1. List the strands (runs of 3 or more DSSP E) inside region 9-116, counting only whole elements, that have at least 1 residues being over 20 Å from residue 144 (Cβ atoms) and of a type outside the set (S, T, N, Q).
2. Looking only at region 128-171, how many residues end up being part of a strand (DSSP E or B), modelled with pLDDT under 95, surrounded by 23 or more Cβ atoms within 10 Å (Cβ to Cβ) and small (Gly, Ala, Ser)?
3. Please indicate, with yes or no, whether at least one residue in region 74-92 is in contact (Cβ under 8 Å) with a residue 12 or more places away in the chain, out of contact with any strand residue (DSSP E or B) (no Cβ under 7 Å at 6 or more places or on another chain) and closer than 23 Å to residue 174 by Cα.
4. Residue 4 fails exactly one of the following numbered conditions: (1) in a strand (DSSP E or B); (2) under 30 Å from residue 165 (Cα atoms); (3) touching a strand residue (DSSP E or B) at 6+ places or on another chain (Cβ under 6 Å). What is the number of that condition?
5. Between a residue in region 200-226 that is under 30 Å from residue 107 (Cα atoms) and at pLDDT 85 or above and any residue that is part of a loop (DSSP other than H, G, I, E, B) and among the β-branched types (Val, Ile, Thr), which pairs come within a Cβ distance under 6 Å, given they are 6 or more apart or on different chains?
6. What number of residues within region 127-142 are among the hydroxyl-bearing types (Ser, Thr, Tyr) and within 18 Å of residue 23 (Cβ to Cβ)?
7. Inside region 172-194, can you point out the residues that are in contact with a Phe, Trp or Tyr (Cβ under 9 Å, 6 or more places away or on another chain), modelled with pLDDT of 95 or more and surrounded by fewer than 21 Cβ atoms within 10 Å (Cβ to Cβ)?
8. Tell me, which residue of region 206-223 that is in a strand (DSSP E or B) and buried (at least 17 other Cβ atoms within 10 Å of the Cβ) is nearest to the chain's Cα centre (by Cα)?
Amino acid sequence: MAANTFSVAPSNSTATLYRAWVGALRGALLACGWTQTSDTGQMDVSSLTVPTAIQTSSGYMVFAMADDLQATNPVYMRIDVGSGNAVNSPSIWVQVGTATDGAGTLSGKTTTQRQLVPYSSDSSTTASASFYSGSTSRFVCVFWVGGTTNSGGHYGQLISVERTHDASGSDTADGVMVFTSSFTGSTNVFSQYLSYSAATQPPAYQHWNCALPTTGTGAANNNVYLYPVRGWGFGETGPSLNLLMYFTADLVSQNSVTATLWPGSSGTILPLGYEINGNFGYGGAGGTPCVALRYD
């Protein structure tokens, strides 16, 4: 497993800044043990040029899991990068599939391609912290934590991809859980389950499946309770190993803590302080619910 932080600016305004955040994303995936495929047409980060039009991808990369299940139940992730609502505003597109045609197109079982965009049309040349963690069978990355836009939102963009897990927390060959979010409001939260066995794939949902108490906090005596995030498939999936939710008053933003995680093992989580308002699977949220990621 791997976990680390990097600091880059949410900006496409120069080739240097653009290449910096794209290269950091590529480096994070490789550090977690994923492999970049030999698909033709992939961009060379070192020669990437800045976007010249809005809502435009200027290149893509394809990565594969590298765990023991990859041979029989492959997982590929295509990442496109480019512009959002302004040419200087960075955007990321994410899609997961079970096969690739060798030229960058995912095939077999696939998820809906999802675009992540910063708030409004903002960008900034000021670097802010980003965090990632993962292994050969999971990956989670959050860009630009704490960077507040001129419009009052946040630059943060989150990608989480992982296999499903059994009751002991071990990976299974059932499917893949994909969660994305741009921290720009509830309409930018999505989740989708990819099933290896289903002929018709479950749709993408505009919420995460996580139920929190309708009032109060998660603090009781000397404990702070965390809340699992699940995928929506044909029913509920098991809990994510990448993501958890908590009430903002209970933990200090960006201060990692040791926690007892499902299924009973000790691990490290990083509270982000980012709210995801309202888009849970029919759970209440009386306090302010925020995202924490697995950070080991």
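The values are calculated or read from the model by the stated rules, or taken from the named source; none is laboratory data. Since we're looking at a predicted model, the values are computed, not measured. FYI the Cβ positions are ideal-geometry reconstructions off the backbone, even for glycines, and counts take in every protein chain you see.
1. 57-64, 76-83, 90-100, 106-110
2. Qualifying residue count for the region: 1.
3. No, there is no match, as no residue in region 74-92 is in contact (Cβ under 8 Å) with a residue 12 or more places away in the chain, out of contact with any strand residue (DSSP E or B) (no Cβ under 7 Å at 6 or more places or on another chain) and closer than 23 Å to residue 174 by Cα.
4. Failing condition for residue 4: (3).
5. Short answer, once both residue conditions are applied: 204/112.
6. Number of matching residues: 3.
7. If the condition is that a residue be in contact with a Phe, Trp or Tyr (Cβ under 9 Å, 6 or more places away or on another chain), modelled with pLDDT of 95 or more and surrounded by fewer than 21 Cβ atoms within 10 Å (Cβ to Cβ), then 173, 174 are the ones that fit.
8. Let us first name the residues in region 206-223 that are in a strand (DSSP E or B), namely 208-209, 212, 219-220, 223.
Next cut, buried (at least 17 other Cβ atoms within 10 Å of the Cβ) only: 208-209, 212.
On the way: 208: 12, 209: 15, 212: 21 Å.
Checking each candidate, the answer is 208.
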